[in-house]
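Just below is one structure, and these are the notes that go with it.
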Amino acid sequence: MKLPKKPVLLTAAAVLALLTVTGCSPDAPADGATAAQEVDVLAKLGLDGVTGRALVDELEATPLEDRRDEFIASVRADHVVVTDLETERETTVPLPEDEFYLSIAPYVSRTHPCGFHSLTTCVGELRSAELDVTIVDDAGATVFEGAVTTQDNGFAGLWLPRDITGRITVEYDGRSATGPVSTGADAETCETDLELA
């Protein structure tokens, strides 16, 4: 599903202020939205009817120069938070019940702290890079093994089974990195701590 482009010009000061406050993945506004407001947000942005998985896959694959700047989309364990920057209203789009989305950005020299992956603002160091990724759970079973290519934003998205813990190993250009991985209800969706050495 191709998401529509609706560019809205934001002043540089507003964008800078927002990113300074929110970092890679913004926190949700304190006040909750009503069901009517939630529908309005998705309709206003041309996203009504989109599934969570389609939204994640499409936004992650969007080249940096084509990113939409009128909203922010941040991935949580079981949903995506979509915030309309003009109205500051937000809504959530559920993700599949049996899958967890982990977006990884291994690095050689430059990274950023990240907990919940922002599909609209996060940028990693290794853009369009081919990685070999292996994930083994605590019981020793291989959960994921294969080559993945980072998107233009420097992140590679992995759809994994829910409620596992284990280790992820990434290999790139003769370098490798290993770290913990979790797909539980409280797990983070953004992995930027894998330093390739």
Q. To the nearest 20 debye, what is the magnitude of the charge dipole of segment 69-187 about its Cα centre, counting +1 on the Cβ of each Lys and Arg and -1 on the Cβ of each Asp and Glu?
A. 380 debye
Q.
Between Glu145 and Arg67, what is 0.36 nm times their sequence separation minus the Cα-Cα distance? Round to one decimal in nm.
A. 25.1 nm
Q | Other-chain or far-sequence residues with amide H under 5 Å of Phe144's (modelled H) | A | Ile135
Q | segment 99-191: C-alpha gyration tensor shape, a/c 1.5 cut-off, then a/b vs b/c | A | oblate
Q: Could you tally the net charge around Val80, taking each other residue with its Cβ under 12 Å from the Cβ of Val80, Lys/Arg +1 and Asp/Glu -1?
A: -3
Q | Calculated from backbone phi, Karplus (6.51, -1.76, 1.60) coupling profile of segment 176-182 in Hz, x at Gly/Pro | A | 8, 8, 9, x, x, 9, 8
Q.
Test of understanding: ordering Thr62, Thr120 by Cβ neighbours within 10 Å, fewest first, what list do you get?
A. Thr62, Thr120
(Q) Taking θ = phi - 60°, what integer Hz values does the Karplus form 6.51 cos²θ - 1.76 cosθ + 1.60 yield along segment 148-159, in sequence order, with x for Gly and Pro? (A) 9, 10, 5, 6, 4, 7, x, 10, 10, x, 10, 8
Q.
Through the Karplus equation 6.51 cos²θ - 1.76 cosθ + 1.60, θ set to phi - 60°, convert the phi angles of segment 94-108 into ³J(HN,Hα) values in whole Hz; use x for Gly and Pro.
A. x, 9, x, 5, 9, 10, 10, 9, 10, 10, 10, 9, x, 9, 9
Q.
Give me, ordered by chain and number, the residues 5 or more places off Val181 or on other chains with an amide H under 5 Å from its own placed amide H.
A. Gly166, Arg167, Ile168
Q) R0 = 22 Å: FRET efficiency of Val123 with Arg175, Cβ-based, nearest 0.05? A) 0.65
Q. Roughly what would the spin-label model give for Arg167 and Ala185, points 7 Å off Cα along C-beta, in nm?
A. 2.9 nm
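Just so you know, all these numbers are worked out from the coordinates, no wet-lab data involved. Please read these numbers as outputs of a predicted model, since none were measured by experiment. Positions of Cβ are generated from backbone atoms using ideal geometry, with glycine treated the same way; all protein chains shown enter the neighbour counts.
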